[in-house]
Amino acid sequence: MTFKRLLPLFLVVSLVASACGAVSGGTATRALTVMGTGSVSVTPDIVIVSLGVQTVGPDIARAVAQNNDAASAVQAAAGELGVAPEDMRTTYFYVSTQQQYDEFGNVTGEVTYWVDNTITVTLRDTSKLGDLLEAAVDAGANSISGVSFSVDDPSEAEDEARQEAVEDARQRAEMLATAAGATLGELVSISTGGVSGPIPYYGEFGLGGGGGGVPISPGTTEVTVQVTAVYALR
Amino acid sequence: MKGVRLAVPLALAAAALALSACAGAAGWSQESPPRLISVTGTGTARLDPDMVIVSLGVQTQGPDIAEAVSENNRRSDQVRAAIREAGVADEDVQTVNFSVWTQQQYDEFGNLTGGATYWVDNTLQVRLRDLDRLGPLLETALSRGANSVQGVTFSVEDPTEALDAARVSALEDARSQAAQMAADAGVLLGEVVSIGEPGAYPGPFMEAPARGIGGGSGQDAVPTSPGVLEYGIQVTVNYAIR
C-alpha cells in the first residue's frame, strides 16, 4: 500500500533529477570579452550638394516657367563642370498655394504660388565644388544645402579598419588576461559591431579656392569599424 | 483514499526540494561554474586635452544673392587665411556647411511684398593642436569676418594608452572588491571565470576646467580654458568561489 502510493513521488523526483542533470552536465568555459576599434582616414573623392531653385508669384504658370528656366540653367551649369546626368537627381519638386489676407485677416481671393525644384548633385571632382556653387547661384539657384564630402567606395578602407579592429581587440585581450593573472586562450567568437562612417572629418585644405568660386576645404573622411571578440582564458 | 491525499502533498514537497537543489547546481548556464562572485571595477584616466575642435562660420545676407555670396566668399577667404596663420595644418580644416537660403519679405498684413533676403553661410571645422592659439584664433577669425562660432570641444587625439592603464586599474579595483566580499562571506576567492567591459567604447564623460589658457596670450584673445578630460572604464569580472 505504502509503496504503491509513494510511486508518483518517486516518479516526480527522478524526473526532476534527470532534468537537473541535463542542465548542469556541461563544462565551464572561462572567457574574456573585449571590444576593438579600427579607423582609417580617407581623402574624400565625392561631394554631395543640393542645389535648389525657389520661385514665387501670383501667376502659377509664370512661377513654374521661371522655375523651369532657372532649374534647367542650374543643371546645365553642373553639366558644364563635368557632372554626369546620372549624378544629378531631382530630390524635391513642389508647388504650394498661399492665400493672401487683408488687414482684418480675411482672404482677399488673391493667391501666391511657391515653386521649388531641387537637384542633388554628386560631384566626383571635389576640387570643382567652389566653381559649381558659384555657377549654380549665377544660374538662379537660391536654396543650397548639404555640402557633404564622402567616399564613393569605402570597402577597401573598411577592410583595413576591420583588420586594425581585430588586432586592437587581441592586444587588449592579452593585456587584460595578463593583468588578471591568466593566460589568453583561443578565440571563441568574433563579430563586427557595426561600421560607422564614412563621416566627414578633418581634411585637406584649400581646393577650389583658386578658381574664384566659393572657398572650400574638402577634408578627409573617417571609416571606423568595431569588433567584439571573446577569448578563452587558461 | 487517505493515503492518496497524503501522497500528493508529499510528492509536491519532494519535487520542490529536488528543484531547489537542482537550481543551486544548475541555475547558471552550462558554461559557468555554479558559484560565482561578480564585481564591476572602475578605473579612470585623466588627460590633458591636446586638441580642440571649433567651427568658424561666415553668414552674410542681403537683397542681392550674387552680392551676398561674393561678400561671403571674401570674408570666408580671410577667415581661412587667419586659420592658416594660426599654424593649423591643411588637413585639419574642412568645409562642413555651405548654404544659401531665400527669405521672402512680408508686409504688415502678412502678404508677400515681392522682395527677398538671401542668407549665405560658409562654415569651416578646424582642429587646432596648439591650444594656446585658440583664444587668438577666435579673436582674429571674428575680426576678419567670422560671425558664427560653434562647438569649442576639447579632446584627446589618442587616449588608447591611458584607457588601457585605466582598464588595468579597473581590474585591480574589481579584484579588491571580490576579495573583500569573499572574506566577508567566509569563502575563498577562486580563479577568474570571465572578464568583460559592459559598455561601449568610452568617451570623456566629464570636463573639469582646471587651468586657463589664452588669457595670457595678449589682449586680443578670447579667454578659453581647456580643462582636463576624464574617461571612465568599467570592467565586470566573475570569480569562482572555492
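The values are calculated or read from the model by the stated rules, or taken from the named source; none is laboratory data. Owing to the predicted nature of the structure, the values given are computational and were not obtained by experimental measurement. Note that each Cβ is placed from the backbone with ideal geometry, even for glycine, and that neighbours are counted across all protein chains shown. All accessible areas refer to the heavy atoms of the entire protein, side chains included, with ligands and DNA or RNA removed. Shrake-Rupley method; radii C 1.70, N 1.55, O 1.52, S 1.80 Å.
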For this session: Go through (1) touching a helix residue (DSSP H, G or I) at 6+ places or on another chain (Cβ under 9 Å); (2) in a strand (DSSP E or B); (3) at pLDDT below 95; (4) open to solvent by 70 Å² or more (accessible area, probe 1.4 Å) one by one and return the number of the condition B:Val149 breaks.
Result: (4)
Exercise. Assuming B:Leu134 fulfils every condition listed in (1) at pLDDT 95 or above; (2) open to solvent by less than 30 Å² (accessible area, probe 1.4 Å) apart from one, which condition is it?
Worked result: (1)
For this session: Please specify each residue of region A:45-70 satisfying the condition of being in contact with a Leu (Cβ under 9 Å, 6 or more places away or on another chain) and more than 10 Å from chain B (Cβ to nearest Cβ).
Result: A:Ile46, A:Ile48
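Can you tell which of B:Val222, B:Val168, B:Val193 is over 17 Å from the mean Cα position of the chain (by Cα), open to solvent by less than 40 Å² (accessible area, probe 1.4 Å), of a type in the set (A, V, I, L, M) and modelled with pLDDT under 95? Steps first, please.
Values: B:Val222 fails: open to solvent by less than 40 Å² (accessible area, probe 1.4 Å); B:Val168 fails: open to solvent by less than 40 Å² (accessible area, probe 1.4 Å).
Result of the check over B:Val222, B:Val168, B:Val193: B:Val193.
Can you pull out every residue in region B:152-165 that is out of contact with any strand residue (DSSP E or B) (no Cβ under 8 Å at 6 or more places or on another chain) and open to solvent by 70 Å² or more (accessible area, probe 1.4 Å)? Can you show your working first?
Going residue by residue through region B:152-165, those that are out of contact with any strand residue (DSSP E or B) (no Cβ under 8 Å at 6 or more places or on another chain) are B:158, B:160-161, B:164.
Answer for region B:152-165, where residues must be out of contact with any strand residue (DSSP E or B) (no Cβ under 8 Å at 6 or more places or on another chain) and open to solvent by 70 Å² or more (accessible area, probe 1.4 Å): B:Asp158, B:Glu161.
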Exercise. Just a yes or no: is a residue in region A:124-135 out of contact with any Lys or Arg (no Cβ under 9 Å at 6 or more places or on another chain), open to solvent by 50 Å² or more (accessible area, probe 1.4 Å) and among the polar types (S, T, N, Q)?
Worked result: no
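Taking region B:88-120 on its own, how many of its residues are at the interface with chain A (Cβ under 7 Å from one of its Cβ atoms) and either in a strand (DSSP E or B) or of a type outside the set (A, V, I, L, M, F, W, C) (or both)? Even if it seems obvious, please write down each step before you answer.
Step one: filter region B:88-120 for residues at the interface with chain A (Cβ under 7 Å from one of its Cβ atoms), giving B:90-102, B:104, B:109-112, B:118.
When the remaining residues are screened for being either in a strand (DSSP E or B) or of a type outside the set (A, V, I, L, M, F, W, C) (or both), the result is B:90-102, B:104, B:110-112, B:118.
Matching residues across region B:88-120 total 18.
Please specify each residue of region A:119-160 satisfying the condition of being farther than 29 Å from A:Val223 by Cα and in a strand (DSSP E or B).
Restricting attention to region A:119-160, the residues satisfying the condition of being farther than 29 Å from A:Val223 by Cα are A:134-143.
If the condition is that a residue be farther than 29 Å from A:Val223 by Cα and in a strand (DSSP E or B), then A:Ser143 is the only one that fits.
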Exercise. For B:Asn73, all conditions in the list (1) facing another protein chain (nearest Cβ under 8 Å); (2) assigned to a strand (DSSP E or B); (3) open to solvent by less than 20 Å² (accessible area, probe 1.4 Å); (4) more than 30 Å from A:Gly105 (Cβ to Cβ) hold save one; what is the number of the exception?
Worked result: (2)
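Is it the case, given these coordinates, that A:Pro218 is modelled with pLDDT under 90, at the interface with chain B (Cβ under 8 Å from one of its Cβ atoms) and within 30 Å of B:Val54 (Cα to Cα)? Talk me through it step by step, then tell me what you get.
Numbers: modelled with pLDDT under 90: yes; at the interface with chain B (Cβ under 8 Å from one of its Cβ atoms): yes; within 30 Å of B:Val54 (Cα to Cα): yes.
Answer is yes for this residue.
So that you can scan it fast, the table gives a plain yes or no per residue for (1) of a type in the set (Asp, Glu); (2) within 29 Å of the chain's Cα centre (by Cα); (3) in a strand (DSSP E or B):
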residue: A:Gln54; (1), (2), (3): no, yes, yes
residue: A:Ala65; (1), (2), (3): no, no, no
residue: A:Ala78; (1), (2), (3): no, yes, no
residue: A:Thr90; (1), (2), (3): no, yes, yes
residue: A:Val95; (1), (2), (3): no, no, yes
residue: A:Glu103; (1), (2), (3): yes, no, no
residue: A:Tyr113; (1), (2), (3): no, no, yes
For this session: Please indicate, with yes or no, whether at least one residue in region B:121-138 is more than 30 Å from B:Ser55 (Cα to Cα) and in contact with a strand residue (DSSP E or B) (Cβ under 8 Å, 6 or more places away or on another chain).
Result: no
Problem set entry | Test for A:Val147: is it farther than 30 Å from A:Leu184 by Cβ, open to solvent by 80 Å² or more (accessible area, probe 1.4 Å) and modelled with pLDDT under 90 | no
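Could you tell me whether B:Thr44 is under 30 Å from B:Asn238 (Cα atoms) and not basic (Lys, Arg)? Before you say what the answer is, go through the steps one by one.
Values: under 30 Å from B:Asn238 (Cα atoms): yes; not basic (Lys, Arg): yes.
Spelling it out, B:Thr44 is indeed under 30 Å from B:Asn238 (Cα atoms) and not basic (Lys, Arg).
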Problem set entry | Single residue of region A:30-44 satisfying the filter (open to solvent by less than 10 Å² (accessible area, probe 1.4 Å) and over 23 Å from A:Thr221 (Cα atoms)) that is nearest to the other protein chains (Cβ to nearest Cβ) | A:Leu32
